[in-house]
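All remarks here apply to the structure that follows.
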Amino acid sequence: MRIVFVAAPLQGHLLPLIPLAAACRDAGHDVVLASGGFPPDVLGLRTADIGAGFSLPRSAMRAALRHPLVARAEMRGTAGHGFVGELFGRANQSLVGPLLALAGRERPDLIVYESLSEAGAVVAGRLGIPSVLQENTLWPAPELFRAVTTSSAMAAQPTPDPELTLAVTPASVRPEPIGGALPMRPVPWSGGGDVPGWLLEPGPRPRVLVSRSTLAGPNDGDPGPAVVAAAADVDADFVLVRPAGNGQLPSNVRAVDRVPLNEVLPYAQGFIHHSGAGSVLGGLAAGVPQLTTPGAGDRRFNSALLARRGAGLAVEAKAITAADLTRLVTDESLRTAAQEVAAEIAAMPEPASVVPSLEALIRR
């Protein structure tokens, strides 16, 4: 079976697809990742860059000019699906042509695409082959599918529904189940990077990892500056991953370049980040309490879900205090909830067990 996995050329969109793509490859199928801006490590999978014409800032500007009030709400994280549908509706237009050209070379039997890459569904429809929608956010994938396909940019584009939807959000975190979706374990994958040995063993004090978005932009929720300002008053050690600045740090704060968070989170007692879906799910899979910062897009929604489950705190980036950091590493209720969700995720079907369901789609 020949399978094309499609993601917007943004690492936060691509990384969640890699474990399933690798499982399909390991089952003997011919797999290619169609995206762009690839991370250092894609588990040896073949890649095809379809992102030459893709510009998220340009699409955002055009969508904001057409929908200024919704754009302002998006910056606060209160626009729901309204702006993201318009944004990625426009962005996906630039992916259809390159993806069709790739499909002409690869002749796929199946296309798997992430929640905001409906170009995959468009091309599957034109080829007359089945498609699979893989959830990669905490927003239910069918809701994002509808938001994009009914946007002003995509409404006239014939876009068939997926034959199968894969849902990765654990049930205790999701407000409502997705009817008919096949559950699949979210397997964290951070795209590689060198790991200092001291990050792969317990430290003398609680260790807290502090990360930020791979996308810089307004209200991106970077918690780093506030953590640095408060860290000296907290009995813990903090590790800034890819910090935005190079200023002087307190004695209990260290900075590292890109590291695979999936490898180092098991040795941490806390995880602070911008509320990206991949980071939330990665922290939950590791059973680590989180402090997340509400921000633009889906980040306010994500942080609220995590806090509602009791597995983390939601604090505005500029408002983080030493008391918040201390609670993160001392509140046993946070750790208990995080470990409960980790056990729930571990019990979900792994990607390899989902491969037969994909194979069945082309035997029908």
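Observations
- Of everything listed in (1) on the phi < 0 side of the Ramachandran plot; (2) modelled with pLDDT of 80 or more, the single unmet condition for residue 58 is (2).
- Residue 99 satisfies every condition listed in (1) in contact with a strand residue (DSSP E or B) (Cβ under 8 Å, 6 or more places away or on another chain); (2) surrounded by fewer than 21 Cβ atoms within 10 Å (Cβ to Cβ); (3) of a type in the set (A, V, I, L, M) except (2).
- You will find that of 304, 346, 296, the residue that is under 24 Å from residue 176 (Cα atoms), in contact (Cβ under 8 Å) with a residue 40 or more places away in the chain and surrounded by fewer than 18 Cβ atoms within 10 Å (Cβ to Cβ) is 346 and no other.
- Count of the range 313-339 residues which are more than 18 Å from residue 268 (Cβ to Cβ), of a type outside the set (S, T, N, Q), surrounded by fewer than 19 Cβ atoms within 10 Å (Cβ to Cβ) and touching a residue at least 24 places away in the same chain (Cβ under 8 Å): 3
- Residues in the range 134-159 that are of a type in the set (Phe, Trp, Tyr) and touching a residue at least 60 places away in the same chain (Cβ under 8 Å): 139 only.
- Selected residue (criterion: surrounded by the fewest Cβ atoms within 10 Å (Cβ to Cβ)) from residues of the range 43-84 that are in contact (Cβ under 8 Å) with a residue 24 or more places away in the chain and in contact with a strand residue (DSSP E or B) (Cβ under 6 Å, 6 or more places away or on another chain): 45
- Single condition residue 210 does not satisfy, out of (1) outside the structural domain of residue 307 (by TED's automatic domain parsing); (2) crowded, with 16+ Cβ neighbours inside 10 Å; (3) under 24 Å from residue 312 (Cβ atoms): (1)
- Odd one out for residue 176 among (1) free of Cβ contacts under 8 Å to residues at least 40 places away in the same chain; (2) over 19 Å from residue 284 (Cα atoms); (3) outside the structural domain of residue 271 (by TED's automatic domain parsing): (2)
- Within the option set 258, 242, 185, 212, being at pLDDT 95 or above, of a type in the set (Lys, Arg) and farther than 15 Å from residue 329 by Cβ holds for one residue only, 185.
- Selection status of residue 310, buried (at least 23 other Cβ atoms within 10 Å of the Cβ) and either modelled with pLDDT of 95 or more or in contact with a Lys or Arg (Cβ under 9 Å, 6 or more places away or on another chain) (or both): no
- Only one of the listed residues (233, 194) is under 21 Å from residue 330 (Cβ atoms), out of contact with any strand residue (DSSP E or B) (no Cβ under 6 Å at 6 or more places or on another chain) and loosely packed, with under 15 Cβ neighbours inside 10 Å. That residue is 233.
- Selection of the range 159-177 for residues being within 13 Å of residue 119 (Cβ to Cβ) and touching a Lys or Arg at 6+ places or on another chain (Cβ under 8 Å) yields an empty set.
- Condition check for residue 39: part of a helix (DSSP H, G or I), surrounded by fewer than 23 Cβ atoms within 10 Å (Cβ to Cβ) and under 21 Å from the mean Cα position of the chain (by Cα): no
- Any strands (runs of 3 or more DSSP E) falling wholly within the range 248-364 and containing at least 1 residues that are in contact with a Ser or Thr (Cβ under 6 Å, 6 or more places away or on another chain), under 30 Å from residue 87 (Cα atoms) and not charged (D, E, K, R): 270-273, 290-292, 312-314
- Candidates 124, 155 - the one that is under 21 Å from residue 90 (Cβ atoms) and at pLDDT 95 or above: 124
- Counting only helices (runs of 4 or more DSSP H) that fall entirely inside the range 50-141 and contain at least 1 residues that are under 18 Å from residue 37 (Cβ atoms) and in the same structural domain as residue 29 (by TED's automatic domain parsing), the qualifying elements are 56-66, 82-106, 119-127.
The values are calculated or read from the model by the stated rules, or taken from the named source; none is laboratory data. Note that the coordinates shown come from a computational prediction; the quantities given were computed from them, not determined experimentally. Here Cβ is always computed from backbone atoms with ideal geometry, including for glycine, and neighbour counts include all displayed protein chains.
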